[in-house]
Amino acid sequence: MLLPTRRLPAAPSRPSVHPYISPARPSLRFRRQHGRAATARATSATPPVFGDTLLGLYEKERLGLSRYADEESREDVFWETLDADLQYWTRSLRPVQWYPGHIAKTEKELKGQLKLMDVVIEVRDARIPLATTHPKMDSWLGNRRRIIVMNREDMVSADDRNAWATYFSSQGIKVIYSNGQLGMGTMKLGRMAKSAASTVNTRRREKGLLPRPVRAGIVGYPNVGKSSLINRLLKRRMCPAAPRPGVTRELKWVRFGKDLELLDSPGILPMRISDQTAALKLAICDDIGERSYDFADVAAILVQILLRHPAVGSEAFRKRYKIDVDSDCGKLFVTKLSVHLFNGDTTQAAFRILSDFRKGRFGWVALERPPT
């Protein structure tokens, strides 16, 4: 007699979970048909993440943080190696030197006028703040109050502005960002200049003297926007200004209301620029005379900088000029652009690239960051 068998209860069903599947190595047939580039893309492809499971959310967050870290690392490497790259690229170039006769005369007169100033307003190019300060400026000013105006604020990013503001604040130097063409920051500059020298008339009253207007001298390199800044402050054209170096050729005092006198001065440069990386930046940003450099050489180095710049890259050149960037050699790109647009005239092609950069066609691009 057969005994009845006991049927065991069925095991409870488990929810299906999509496993993590590592990308398989492409087959030999795939590699032969599609070549190395496609094989590399297939091998490095991001593994699929299915649904919003805990594993999927973790993978998404990890990949996002990884990309962000890579971008941060690439940007840090760019700024750390930029000056070393520029030193290497400029070794074989003709030195950039420019010292017109009126600058020597101006420098001598300016040293005498500095003794009369209550506050000094130093105007710099916001794209290259370190390259647009005179090496002897600190010794000339001594203990006088100084305000640094970072002109052309519209040509740098908010990150660049914040980095420099933090850097100068740590040194106890007041900084104002301005746009001399549109007048942004000019009224704040006037108020800050008066407040910086407010103790002048306090001391005069203590001595029984009548108050006088605060004297502020505006100094800086050529073509950084000194005269434009004064014209915007006064709301009328009192000082000659043009977008090229060397327009202002003599010192000139102008009155701003009853409480402030401004000294407009020509741009001053060292007699000999020993730092050629700084000189190259001056040439790129049009803060030095055009006769001092070769357009093709400077444009070629600018191309190499922008190709490596985290905010620009080769795609910006493709969109702007409708040609591919075949390599990271700037000279080759200038030559290719000259054939594409200017019948082989490399000077015209170089001038076009420099002009596009100076007009902001590549976006908000600074060429310096605060030293670490």
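The values are calculated or read from the model by the stated rules, or taken from the named source; none is laboratory data. Keep in mind the model is a prediction, meaning the values are calculated, not measured. In this analysis, Cβ positions are derived from the backbone assuming ideal geometry, glycine residues included, and neighbour counts consider all displayed protein chains. Just the protein is used for accessible areas: all its heavy atoms, side chains included, with ligands, DNA and RNA removed. Shrake-Rupley method; radii C 1.70, N 1.55, O 1.52, S 1.80 Å.
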Would you please name the residue that is farthest from ALA299 (Cα to Cα), looking only at residues in region 103-125 that are in a helix (DSSP H, G or I) and open to solvent by less than 30 Å² (accessible area, probe 1.4 Å)?
LEU114
Residue hits (region 207-245; in contact with a Pro (Cβ under 6 Å, 6 or more places away or on another chain) and either modelled with pLDDT of 80 or more or within 21 Å of LEU114 (Cα to Cα) (or both)) are PRO222, ASN223
Mind listing just one residue for me: the one in region 278-329 that is assigned to a helix (DSSP H, G or I) and of a type in the set (Asp, Glu) and, of those, least open to solvent (accessible area, probe 1.4 Å)?
ASP297
Which count do you get for residues in region 126-185 that are within 21 Å of CYS285 (Cβ to Cβ), assigned to a helix (DSSP H, G or I) and within 19 Å of the chain's Cα centre (by Cα)?
13
Residue list for region 154-166, filter: at pLDDT 90 or above and either in contact with a strand residue (DSSP E or B) (Cβ under 9 Å, 6 or more places away or on another chain) or under 17 Å from PHE357 (Cβ atoms) (or both):
MET155, VAL156, SER157, ASP160, ARG161, TRP164, ALA165
